[in-house]
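To start, the structure itself, in structure tokens.
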Amino acid sequence: MIDKIIKAYNEAVFETDKEAAFAVVYAAMAEGLSAEDIVFKVVIPAIEEMMANITRDPDANLAQHFMTAQIAAEVTEKMLEKFQQPPEMIGRVVIGTAAGDLHSLGKRIVMGCLKALMVDVVDLGVNVPPERFVDEALAREAQIIAVSAMMVHTATGENGARRVRQILRERGLEDRFRLVVGGAPYRFDNELYQSVGADGWAADGLSAGKMIVDMIRGMKREAV
Amino acid sequence: MTPLEILLAAINGTPAPRIPIFCNLLDQGARELGMHQRDYYANGENVAAGQLKMRARLGYDNVWSLFYVGKEAEFFGCQNILYAEDGSPNVGEFVIKSWDDIATLEVPDDITAHPAWAETAKCMRILRAEVGATHPICAYITASSSLPALLMGMDKWMELLLTGPADLRDLLLAKCAEFFQKEVAAYRAAGANVLVYSTPFGSAYFVGRKRFESFSLPWMKRDLAPGGVGGIVYYCGMAPFNEVIAQVMDELDINIHYISPLANLAEAKRIIDARLPAKGGKGLTCGVIDDIKMIQWTAEETRAEVKRMCEMGKPNGHFLFGTGVMPMAIPEANIIAMLDAAFEYGAFS
């Protein structure tokens with residue numbers, strides 16, 4: 001039964017059809033699937049499937065990434081209310097777009113994906129000053145600072161990730177947080193992330209979600 | 001031959017001494033004139049002076065009438081532009097804050113009478129008088145399917161497009177199409193002869209093939225129907241679009257394509273060249289260098305990439321060398337190396 005549900009859910013997500021995706025979820029619950037099963041056996045595998053599709057399917061596209069993340073986040077949010085026990089979250093991320101940048105599509109895709117992957121997300125919004133990324137990461141006890149930038153000067157300039165790294169260094173916080181970046185400029189130069197002092201980047205929002213989850217798990221292993 | 005004649009020769013496949021060499025230095029104009037961006041862009045005379053001075057000094061073929069991409073939002077009431085000294089000005093506040101704002105969004109009756117056009121008109125008058133007879137004058141015009149991203153933000157537009165009410169989406173698109181038609185007519189009347197049609201949603205990378213056909217194509221047809229495709233350059237905002245080139249040529253009759261640096265240039269050239277006989281021998285592949293990499297490349301690396309692109313594009317002609325976003329952080333030595341190499345490797349012996 002579960003394979004049939006996963007297939008139907010994946011097809012709805014692939015067609016960016018939110019209503020159909022929710023219909024699959026509610027039908028599955030009516031057939032006895034628990035909220036936990038929906039999240040861990042349907043939603044998360046669907047995200048992983050979409051990540052695989054990005055490299056496999058030439059027609060995988062931005063609209064699908066966006067809808068996959070949005071649908072997954074909404075389904076997860078609704079399912080979490082129905083969990084028998086409060087779920088253990090993997091970790092926490094503060095995320096925003098760099099100062100001077102109002103492009104928020106990539107950030108939303110990453111956020112949706114992270115929520116579905118059971119990561120706490122603190123959305124700082126757009127046009128975020130570098131100091132605020134660090135202050136909020138400290139205050140919210142996050143593991144990851146994620147800076148999104150769609151324009152070259154906001155990705156590489158003095159008020160973006162580069163300055164966040166500098167503040168972390170100045171305040172002796174480099175061991176405490178990982179800094180990740182995303183956005184179009186990094187796609188055009190895959191080494192650019194290193195030049196701004198980031199620890200990681202991903203080519204798309206869905207892959208970014210997985211990269212962040214892996215990074216948090218790595219940090220937790222190191223701390224043990 | 002003048003640069004304008006070289007461009008026409010490349011499109012028509014007739015003899016020319018070299019390929020056309022385009023460069024889009026926009027924000028660098030303020031630096032060229034020693035001005036702050038806000039002051040530079042406040043006066044169309046500055047933009048024209050910056051364009052003419054940079055072109056004369058560096059020797060590439062074209063000039064731009066574009067101030068910054070967000071300027072189109074000013075026609076709809078946007079008054080908040082974020083300036084930066086190290087990059088492009090950006091829309092600072094979206095005019096559509098909620099779906100309710102769509103109903104009241106107004107397209108100016110006569111965009112050439114709108115204050116947002118005044119400085120562009122001033123710039124165009126100077127460019128036309130100075131180089132209009134000899135050099136391509138480029139204008140940048142956003143497609144109806146992509147303009148909403150400037151008016152409400154890309155994520156909100158994507159949300160409306162994919163999950164919102166179809167009648168509201170179509171109302172917004174109809175307004176954007178009306179604006180496009182007026183804007184392209186205004187630029188043509190002012191003397192622009194290279195009309196860069198910015199249509200990211202015209203790439204399957206954005207919306208997939210199915211939605212490209214059911215959504216993007218019909219709206220592009222509507223944009224272009226009244227004025228035709230003369231001078232139109234298909235550009236998907238640096239997104240790859242090789243897989244739809246043939247369809248765009250067949251269904252929209254646009255034969256000049258500005259290829260993403262992320263796409264396979266050789267493949268794009270093959271697709272376009274294969275359709276030239278059906279297009280009366282007219283068509284152009286614009287090879288675009290990955291100029292974000294130029295920030296960190298050496299001059300030698302830059303030259304090598306230009307050489308590679310020219311060797312790929314030059315056989316059979318119908319090829320132009322161009323740039324993408326040309327960030328201000330690119331060292332001038334790399335810009336000079338790029339242009340030197342383009343003239344050297346773009347020459348027909």
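Table: residues versus (1) touching a residue at least 24 places away in the same chain (Cβ under 8 Å); (2) assigned to a helix (DSSP H, G or I); (3) within 14 Å of another protein chain (Cβ to nearest Cβ).
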position	(1), (2), (3)
A:E19	no, yes, yes
A:E49	yes, yes, no
A:Q70	yes, yes, yes
A:K82	yes, no, no
**A:N190 being outside any helix (DSSP H, G or I), within 14 Å of chain B (Cβ to nearest Cβ) and more than 27 Å from A:A63 (Cα to Cα)** = no
**Message:** Quick test of your reading of the structure: A:A198 fulfils all but one of (1) loosely packed, with under 15 Cβ neighbours inside 10 Å; (2) of a type outside the set (V, I, T); (3) more than 14 Å from every other protein chain (Cβ to nearest Cβ). Name the failing condition by number.
**Reply:** (1)
**Message:** Checking B:D27 against (1) within 14 Å of another protein chain (Cβ to nearest Cβ); (2) surrounded by fewer than 23 Cβ atoms within 10 Å (Cβ to Cβ): exactly one of these is not met. Which one?
**Reply:** (2)
**Test result for B:P218, in contact (Cβ under 8 Å) with a residue 24 or more places away in the chain and not aromatic (F, W, Y)** = no
**Request:** Can you tell me which residue within region A:163-178, out of those that are under 22 Å from A:V121 (Cα atoms) and not in a loop (DSSP other than H, G, I, E, B), is nearest to the other protein chains (Cβ to nearest Cβ)?
**Result:** A:R163
**Request:** Within region A:150-169, track down each residue that is farther than 22 Å from A:V119 by Cβ, buried (at least 24 other Cβ atoms within 10 Å of the Cβ), out of contact with any His (no Cβ under 8 Å at 6 or more places or on another chain) and in contact (Cβ under 8 Å) with a residue 40 or more places away in the chain.
**Result:** A:H153, A:T154, A:A155, A:T156, A:G157, A:G160
**Message:** Is it the case, given these coordinates, that B:F206 is hydrophobic (A, V, I, L, M, F, W, C), closer than 20 Å to B:L147 by Cα, touching a strand residue (DSSP E or B) at 6+ places or on another chain (Cβ under 8 Å) and within 14 Å of chain A (Cβ to nearest Cβ)?
**Reply:** no
**Request:** May I ask you to verify whether B:M54 is free of Cβ contacts under 8 Å to residues at least 24 places away in the same chain and either at positive phi or assigned to a helix (DSSP H, G or I) (or both)?
**Result:** no
**Request:** Scan region A:33-47 for residues that are free of Cβ contacts under 8 Å to residues at least 60 places away in the same chain and assigned to a helix (DSSP H, G or I) and jot them down.
**Result:** A:A35, A:E36, A:D37, A:I38, A:F40, A:K41, A:V42, A:P45, A:A46
**Request:** Only residues that are within 14 Å of another protein chain (Cβ to nearest Cβ), within 23 Å of A:G218 (Cα to Cα) and either polar (S, T, N, Q) or assigned to a strand (DSSP E or B) (or both): list them for region A:90-122, please.
**Result:** A:I95, A:G96
**Fill in**
Reported set for region A:113-125 where residues are touching a Leu at 6+ places or on another chain (Cβ under 9 Å) and at pLDDT 95 or above is A:D120, A:V121
**Message:** Which of the numbered conditions does B:I292 fail, given that it passes all the others? Conditions: (1) touching a residue at least 40 places away in the same chain (Cβ under 8 Å); (2) crowded, with 23+ Cβ neighbours inside 10 Å.
**Reply:** (1)
**Asked** Taking into account only those residues within region B:30-42 that are touching a residue at least 12 places away in the same chain (Cβ under 8 Å) and not in a loop (DSSP other than H, G, I, E, B), which is surrounded by the fewest Cβ atoms within 10 Å (Cβ to Cβ)?
**Response** B:R38
**Message:** It is to be established whether one or more residues within region A:131-149 are surrounded by 14 or more Cβ atoms within 10 Å (Cβ to Cβ) and within 14 Å of chain B (Cβ to nearest Cβ).
**Reply:** yes
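With the condition being within 14 Å of chain A (Cβ to nearest Cβ) and in contact with a strand residue (DSSP E or B) (Cβ under 6 Å, 6 or more places away or on another chain), I'd like the strands (runs of 3 or more DSSP E) fully within region B:230-340 carrying at least 1 qualifying residues. Don't jump to the end; show me each part of the working.
On the way: elements: B:232-235, B:256-258, B:284-288, B:319-322.
Answer list for region B:230-340: B:284-288.
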**Message:** Only one of A:G183, A:G209, A:G172 is surrounded by 20 or more Cβ atoms within 10 Å (Cβ to Cβ) and at positive phi. Can you tell me which?
**Reply:** A:G183
**Message:** The conditions are (1) crowded, with 24+ Cβ neighbours inside 10 Å; (2) modelled with pLDDT under 90; (3) of a type outside the set (G, A, S), and A:P86 fails exactly one of them. Which is it?
**Reply:** (1)
**Asked** Could you give every pair whose Cβ atoms fall below 7 Å, whose first residue belongs to region B:149-164 and is at the interface with chain A (Cβ under 8 Å from one of its Cβ atoms), and whose second residue is β-branched (V, I, T), counting only separations of at least 6 or pairs across chains?
**Response** B:L162/A:T16
**Asked** Of the residues A:V224, A:V181, A:V213, which is more than 30 Å from A:I71 (Cβ to Cβ) and away from chain B (no Cβ under 11 Å)?
**Response** A:V224
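The values are calculated or read from the model by the stated rules, or taken from the named source; none is laboratory data. Note that the structure is a prediction, hence the values are computed from the model and not measured. Here the Cβ is made from the backbone with ideal geometry for all residues, glycine too, and neighbour counts use every protein chain on show.
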